[in-house]
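Everything on this sheet refers to the single structure shown next.
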Amino acid sequence: MKKLWLLMMMLVLALVVAACGGGEDDASTEEGEEPVETSDSRTLTVAYGTDIVSFDIHDHNTTSTEAVHVNMFNYLLTNQGEDGFQPDLAESWENIDDNTWRFQLREGVTFHNGEELTADDVKFTLERVAQDETLLEHGNYNQIESVNVLSDYEFEIVTVNPEPAMLNRLSRLGSGILPQEYIETEGWEVFLEQPVGTGPYQFKEWQRDDRLTLEAYPEYFGGEPEWDELVFRSIPEDSTRVSELLTGGVDVAVNIPPTDVARIDNTDGVSTVQSPTQRVMMLVLRTDDDSVTGDPRVREAIDLAIDKQAMVDSLLEGAGTVTRTRVTPGNVGANEDLYEQTLYDPERARELLEEAGYGDGLELTLTGPNGRYLKDRETVELISAMLSEVGITVNQELIEWSAFSQRYQERGFAEMFYIGYGNSMFDASLALDRLTAEGAAGESDYDNAEVNELLIAAEQNMDPEEREQQLQRAQELIAEDRPQIYMFQLDAITGINDRINFEPQLNEMFYADSVTLN
Amino acid sequence: MKYMGQSLLKTIPVLLLITLIVFLLVRVTGDPVSLMLPETATEQERESLREAMGFNEPLAIQYFTYLSDLVRGDFGDSFRYNTDALTLVLDRLPATFELAIASMIIAVIISVPLGILSAVKRNSFFDLFITGGAVLGKAMPNFWLGIMLILLLSVTFQVFPVSGRGGLGHLVLPAITLGTGIAAEMTRLIRSSMLEILGQDFIRTARSKGLGEAIIVNKHAFRNALIPVVTIMALQTSTLVGGTLITETVFAWPGLGQLLVQSVNIRDMAVVQAATFIIAIFVILSNLIADLIYRFLDPRIKYD
């Protein structure tokens, strides 16, 4: 009995000590910590915050699920951002006319079950997602009218309208190619239990909400895979994911909170890498005459009153980049003159408000989601505080995401709302579609005839250079008109064990074969 | 037997009410379509998905469709996983049972000796320390305790694995996290229950006929003190379920709790409904079992 009592007391005491330690400066307390063990195991373990949703590549729209899928399935081509499109399953392609693209398929590619890849598999895959309205990715592929098979290794994709972003659509979420024969003979249920692709790693085992294990596919057309085994673990709690990294339990941990960066970097054997993502956080403002924000001077004053760099430095601890456009580098049509740029001049903001007749101050409502994006509540609070400095009284509305989302769909916000948009298409045209007169109706009510014309022309312009100019010009005008005021582009922070080399991708995919042992 | 039959009959309206409440709650709190599609989706995409999933039907019709499927054992499909919701829930039960049983064992191991000791040595330093510890144990939130245990025993001393489900080592930290609160509650209860019994006449009689203190405490007093404890243990089933939601998330334990949290977050209605239904059945069953154990502990209790 005494021993038990002693043990209890020690445990409680130890907990209290641990709790007190947590409040101190992390950098100083962690320095004496044991270095993380490293090994040369050929198993790569990666921790995500959620489990994959499904092996149905067309019926999810989660980046983290796709990040796993890209190790099992191949796209026809990959989008390398500034390096353009690179061949993957397709060897070459050409744009025959406005609506037709012809592809040459790589020969000798086999699926994990031994079947050979042919143009029929491509037809089966793309027509499925283009035609089945219930699939979550349908909206991004319904531009495809049909796929015509010319021979085993040659096929044409015909689009409904001229589609300049066709290659972007074919090199993103859901673009993997599926085995037609396997799925048609065995059925979808078998495929979802025992998925088969062409990628460097094949399915081994999936324990939901725990781990997915893949193993090397020796017949991979790209050569021998880098790792014998990949383990994708699902660890929802941030601090647990960090602890797994610190103890060597995982080699890679994604979505590290900015507050844990110092702790990881001060521990031997592990470190963090930061890389930009496609997500840009912004304020969307009403521009109609009935709103106070309808006056361009008020919108400019709001922009000038907010110190975005300070928010990146304090709230995100540097894990972000200020920008004056939503289309960041690596996207077709990005206007890089507006990137890494920000305006902050509270003096001028006060003057502008004075000129606009709001010298005595004005009041407006800012709505933001709570818990959807990294530090969203804090950002909205900081924006409100900065606006009040120049005489704008902000009625803050912070609401839970599903309620926010409902109002977002109804376009029912007051003067301003805070939101973050991603961009899996890597193309400016789709990124700006809420700023055409039609897209903005009821939301920002932004209606600039020139912007509208440029954006509509770019949607179907098959001349890449001219199209790029149209999109860049539109961004300039938008930056001046401010129907959206951009705060910052979010960075992804990834923790890695020093036994490996890892380069994060802008599209947040995890290509295990690009990770090497140190 | 008759009592059992009646009790089981009574659970039917309870379960019906639970299905209705859960059904309405998941629908009132948000539109799953808005959570499934990204911010940039068009109205048309949202509308066609809503139509495809049957969310455009009136609520009453949706509920009756759900009930009639339920009677046939069909809980619907998870739209996140695209598979049968009930299978998903049942697949998670072993992991959750494992955790729940381990926590209960830890709770009993801690609370029974401490509760008795604290009653026997009433108002001593031990008593003060144990009751103080019980208050602390009850006050510590699961998520905090879990994170602290990980930091101390996994990161600093590297005794136990951080997270996941595997060998016995993986079970220790989550079981302590979940068991501590229950142990605290049970310790206090055993103490007060023992104190009450120890003051009763039959104990004085036992003492006066010269029985050893150990026999008095362990045989006469403890067995009688157990009756309220069993009630609390049965009621702890719901605390346990609530605790698994947090504990499983902190420790990445692939059980029912984590499934339910994630399903609620994305409004995966079929899974939320199936999981709460199964949990409700367990809570009702554990209460019934507690009733039966009373009879065993105290033959004077009759239910006719």
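Here is how the numbers come out for the structure above:
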quantity: Failed criterion for B:Phe126 (all others in (1) more than 8 Å from chain A (Cβ to nearest Cβ); (2) surrounded by fewer than 20 Cβ atoms within 10 Å (Cβ to Cβ) hold); calculated: (1)
quantity: Residue, surrounded by the most Cβ atoms within 10 Å (Cβ to Cβ), within region A:234-263, restricted to residues that are over 21 Å from the mean Cα position of the chain (by Cα) and away from chain B (no Cβ under 13 Å); calculated: A:Asp251
quantity: B:Ala100 vs. criteria under 27 Å from A:His60 (Cα atoms), aliphatic (A, V, I, L, M) and touching a residue at least 40 places away in the same chain (Cβ under 8 Å); calculated: no
quantity: Conditions (1) under 26 Å from A:Ile383 (Cα atoms); (2) at pLDDT 95 or above; (3) in contact with a Leu (Cβ under 6 Å, 6 or more places away or on another chain); (4) buried (at least 21 other Cβ atoms within 10 Å of the Cβ); number of the one not met by A:Arg279; calculated: (2)
quantity: Qualifying residue in region A:86-95 (condition: aliphatic (A, V, I, L, M) and under 28 Å from the mean Cα position of the chain (by Cα)); calculated: yes
quantity: Helices (runs of 4 or more DSSP H) fully within region A:391-493 counting 2 or more residues that are within 14 Å of chain B (Cβ to nearest Cβ), on the phi < 0 side of the Ramachandran plot and not basic (Lys, Arg); calculated: A:401-410, A:428-431, A:437-440
quantity: Unmet criterion (only one of (1) within 10 Å of another protein chain (Cβ to nearest Cβ); (2) acidic (Asp, Glu); (3) surrounded by fewer than 21 Cβ atoms within 10 Å (Cβ to Cβ)) for A:Asp209; calculated: (3)
quantity: Count - residues of region B:249-280 that are within 14 Å of chain A (Cβ to nearest Cβ) and under 12 Å from the mean Cα position of the chain (by Cα); calculated: 2
quantity: Sole residue being surrounded by 15 or more Cβ atoms within 10 Å (Cβ to Cβ) and of a type in the set (Gly, Ala, Ser), chosen from B:Ala60, B:Ala52; calculated: B:Ala52
quantity: Test: residue in region B:56-76 that is within 24 Å of A:Phe191 (Cβ to Cβ) and of a type in the set (Asp, Glu); calculated: yes
quantity: Output for region B:44-58, where each listed residue is over 17 Å from B:Ser78 (Cβ atoms) and facing another protein chain (nearest Cβ under 7 Å); calculated: B:Glu45, B:Arg46, B:Ser48
quantity: Condition met for A:Leu366 (surrounded by 21 or more Cβ atoms within 10 Å (Cβ to Cβ), farther than 30 Å from B:Pro32 by Cα and either in contact with a Leu (Cβ under 9 Å, 6 or more places away or on another chain) or hydroxyl-bearing (Ser, Thr, Tyr) (or both)); calculated: no
quantity: Residues located in region B:52-93, provided they are among the polar types (S, T, N, Q) and either at pLDDT 90 or above or assigned to a helix (DSSP H, G or I) (or both); calculated: B:Gln62, B:Thr65, B:Ser68, B:Thr87
quantity: Helices (runs of 4 or more DSSP H) (entirely within region A:152-219) containing at least 3 residues that are over 30 Å from A:Asp98 (Cα atoms); calculated: A:180-186, A:188-193
quantity: Filter result for the condition that a residue is within 30 Å of A:Ala262 (Cβ to Cβ) and more than 19 Å from the chain's Cα centre (by Cα), over A:Asn448, A:Asn452, A:Asn497; calculated: A:Asn497
quantity: Count of residues meeting criterion [within 14 Å of chain B (Cβ to nearest Cβ) and among the charged types (D, E, K, R)] in region A:170-206; calculated: 4
quantity: Region A:52-62, residues that are more than 19 Å from A:Phe124 (Cα to Cα) and more than 11 Å from chain B (Cβ to nearest Cβ); calculated: none
quantity: Where B:Ile101 falls short, out of the listed (1) touching a helix residue (DSSP H, G or I) at 6+ places or on another chain (Cβ under 8 Å); (2) in a helix (DSSP H, G or I); calculated: (1)
quantity: Boolean, B:Gly242 is under 30 Å from B:Phe79 (Cβ atoms) and away from chain A (no Cβ under 14 Å); calculated: yes
quantity: Test: residue in region B:21-29 that is touching a residue at least 12 places away in the same chain (Cβ under 8 Å), over 16 Å from B:Leu260 (Cα atoms) and more than 9 Å from chain A (Cβ to nearest Cβ); calculated: yes
quantity: Given (1) within 18 Å of the chain's Cα centre (by Cα); (2) away from chain A (no Cβ under 13 Å), number of the condition B:Gly73 does not satisfy; calculated: (1)
quantity: Single residue of A:Thr110, A:Thr65 found to be within 14 Å of chain B (Cβ to nearest Cβ) and on the phi < 0 side of the Ramachandran plot; calculated: A:Thr65
quantity: Residue satisfying all of: in region B:73-103; among the hydrophobic types (A, V, I, L, M, F, W, C) and farther than 16 Å from B:Thr276 by Cβ; surrounded by the most Cβ atoms within 10 Å (Cβ to Cβ) among these; calculated: B:Leu99
quantity: Sole exception among (1) within 28 Å of A:Glu137 (Cβ to Cβ); (2) modelled with pLDDT under 90; (3) in contact with a helix residue (DSSP H, G or I) (Cβ under 8 Å, 6 or more places away or on another chain) for A:Gly21, by number; calculated: (1)
quantity: Per-region count, region B:145-161, residues small (Gly, Ala, Ser), under 22 Å from the mean Cα position of the chain (by Cα) and within 7 Å of another protein chain (Cβ to nearest Cβ); calculated: 0
quantity: Index of the failed condition, A:Val149 passing every other in (1) farther than 15 Å from A:Leu76 by Cβ; (2) surrounded by fewer than 19 Cβ atoms within 10 Å (Cβ to Cβ); calculated: (1)
quantity: Test: residue in region A:176-189 that is under 30 Å from A:Ala458 (Cα atoms) and modelled with pLDDT of 95 or more; calculated: yes
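Yes or no, residue by residue, for (1) at pLDDT below 95; (2) part of a strand (DSSP E or B); (3) of a type in the set (Gly, Ala, Ser):
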site: A:Glu91; (1), (2), (3): no, yes, no
site: A:Phe103; (1), (2), (3): no, yes, no
site: A:Asn113; (1), (2), (3): no, no, no
site: A:Lys123; (1), (2), (3): no, no, no
site: A:Leu135; (1), (2), (3): yes, no, no
site: A:Asn140; (1), (2), (3): yes, no, no
site: A:Ser146; (1), (2), (3): no, yes, yes
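The values are calculated or read from the model by the stated rules, or taken from the named source; none is laboratory data. Predicted model only: the values in this text are computed from it and were never measured. A quick note on method: Cβ atoms are made from the backbone with ideal geometry, for glycine too, and the neighbour counts reach across all protein chains shown.
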